[in-house]
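Right, one structure below, let's go through it.
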Amino acid sequence: MRELFGFVRALERLRDFVGEFIPEDSIDLSEGDQFEVSCKGELTTGRVEALGQVGSVGVVLGLDSQSSRLRFEGVDVYVVTGALVGPRNALVPGLPNAHWLGLRFRFRANEEALKGLEGEIGGFALVRSRVLGRVFDGAYNEEAVRDEVRTEVETRLVEEFRGLGLGDALLMVDGPIFPTPRVLTMSDNPYAELYMSFIQRRVEALRGVRAVGVVKRLGQSTYLAKCLGFGVDDDTLVKNQVTRSLGGGVYTAVVGPITIRVGDYTKYCWYVASRLGNSMSVVRVEALDRDLAMLGAVYVARTMGLDGVPIPIRLADRLARRLNAGITNLLASLAPLRLTYEGLEELNKALRELGG
């Protein structure tokens, strides 16, 4: 935490950075539906046993990150923590060479004053995009800042997993194996380059690693719906399709595979539906390899809890949340700047997490 105290000291000089107000860039980060999606002649809907023998796994690890944004007067601080949980654990902050803080000004920053600040906190905090080279100022999109810091944290944890040398271990990552926001299709938008760089970093980090992404919130997802020619979201479509094919009861089913291509990158997906009476939870399992996606679907099905979340991811999520809440509380207590109303709400959220 010595880094955090240095960061707080740097915040004392932020009054030197105050400039004119500038409006924020607006970009569409919702899940895109203009990419190539296919499932021609190979779609399976059945109980998980329908996949048969898909390979063995030694141990399963979970990886998740948690982000919060503390709004102070004139500046936002993004705190992103991460956890790798399994037979060996790792945390960010805790690993060297990890950028886990982001600093965004809500005005046009003084570039000359900024150079000194970057030198002080550059080892673990970002004040400008490492991809676009732009300062995180009032014009820079808020969610793009969060996603860049999150990419830094999760990539560092994937590198740590790779270095553990666990052989046939399987890594479950919370979220998509790589993101596919609509902005990727907007070639004249500078954020298209940014998000394509996130895909490139994730693919490079995961190449040769047995890792799958688990997407839990599918209410706005339409990949499967587009593949089958329906105008509904994937969550509703999977539930209806599974119920129609298998009826009621208690079971775990799979639907897939589908293939999604974004430029030069391809991912393979299965949907896993866990039914308990009238309740059904659905997640999408993604991988960079077709066979690995199938393997991941089986092991996600085997480890899903009653809430529909695989236990390895649930454990990593819980640890990342607690760590994030603790740092958020500490930062709010030490910072020389006054919290805005939104900042106080974020602090109260952290306190509830620590008290739970």
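The values are calculated or read from the model by the stated rules, or taken from the named source; none is laboratory data. Everything numeric here is computed off the predicted structure, so don't read it as measured data. Note: ideal-geometry Cβ built from the backbone for every residue, glycine included; neighbour counts use all protein chains shown. Accessible surface areas use protein heavy atoms only, side chains included; no ligands, DNA or RNA. Shrake-Rupley method; radii C 1.70, N 1.55, O 1.52, S 1.80 Å.
Looking at the range 115-206, the accessible area is 35 square angstrom per residue; that uses a 1.4 Å probe and ignores ligands, DNA and RNA.
Count the net charge of all other residues whose Cβ sits under 13 Å from the Cβ of Asp234, scoring Lys and Arg as +1 and Asp and Glu as -1. The partial results should precede the final answer.
On the way: positive: Lys216, Arg217, Lys226, Lys239, Arg284; negative: Glu31, Asp33, Asp233, Asp235, Glu286.
Charge balance near Asp234 sits at 0.
Ser56 contributes an accessible area of around 80 Å² to the protein surface, as traced by a 1.4 Å probe with all chains present. 222 nm [θ] for the chain, helices only, -39500 (n - 2.57) per DSSP H run of 4+, per residue, to 500? It comes out at -12000 deg cm²/dmol, rounded to the nearest 500. For the chain, modelled as a GNM whose springs connect Cα atoms under 10 angstrom apart, the maximal fluctuation among Leu206, Leu70, Leu43 occurs at Leu43. Calculate how steeply helix 234-246 sits against the longest principal axis of the alpha-carbon atoms of the chain, using the helix alpha-carbon long axis, and give the answer as 0 to 90 degrees to the nearest 10. The angle comes out near 20 degrees. The residues of the range 3-110 expose on average 46 square angstrom of accessible surface per residue, using a 1.4 Å probe on protein heavy atoms. Extension gain for Arg9-Leu132 works out to 41.6 nm (0.36 nm per residue, less the C-alpha to C-alpha distance).
For Arg134, the residues whose modelled amide H falls within less than 5 Å of its own, excluding neighbours fewer than 5 places apart on the same chain, are Ser129. The HN-Hα couplings worked out from phi for the range 133-150 by the Karplus form 6.51 cos²θ - 1.76 cosθ + 1.60 (θ = phi - 60°) are x, 7, 5, 6, 10, x, 7, 6, 4, 4, 5, 5, 4, 4, 5, 5, 5, 4 Hz, whole numbers, x standing for Gly and Pro.
Taken about its Cα centre, the chain carries a charge dipole of about 980 debye when Lys and Arg each add +1 at the Cβ and Asp and Glu each add -1 at the Cβ.
The Cα atoms of the range 1-106 cover 63, 40, 20 Å along the three principal axes, with the biggest extent listed first. Contact order, relative form, for the chain: 25 percent (alpha carbon pairs under 8 Å, 6 or more residues apart, mean separation divided by residue count). Per residue, the solvent-accessible area of the range 218-356 (1.4 Å probe, heavy atoms of protein chains only, all protein chains present) comes to 44 Å². Between their Cα atoms, which of Lys239/Lys267; Lys216/Lys349; Lys267/Lys349 are more than 30 Å away from each other? Pairs exceeding the cut-off: Lys267/Lys349.
Here the range 277-356 has 53 percent of its accessible surface on carbon and sulfur atoms, given a 1.4 Å probe and all protein chains in place. Share of carbon and sulfur in the accessible area of the range 1-133 stands at 45%, probe radius 1.4 Å. Entry note, the range 17-158: relative contact order of 30 percent, from Cα contacts under 8 Å with a spacing of 6+ residues. Largest to smallest in accessible area, the residues Asp174, Asp307 fall in the order Asp307, Asp174 (1.4 Å probe, all protein chains included). Each Cα pair under 8 Å and six or more residues apart adds its separation to the average, and for the range 1-89 the resulting relative contact order is 19 percent.
Looking at the range 143-272 alone, DSSP beta bridges between its own residues are antiparallel in about 65 percent of cases. In vacuo Debye scattering of the chain, one point per C-alpha: log10 I(q)/I(0) at q = 0.08 Å⁻¹? Each listed q corresponds, in turn, to -0.42.
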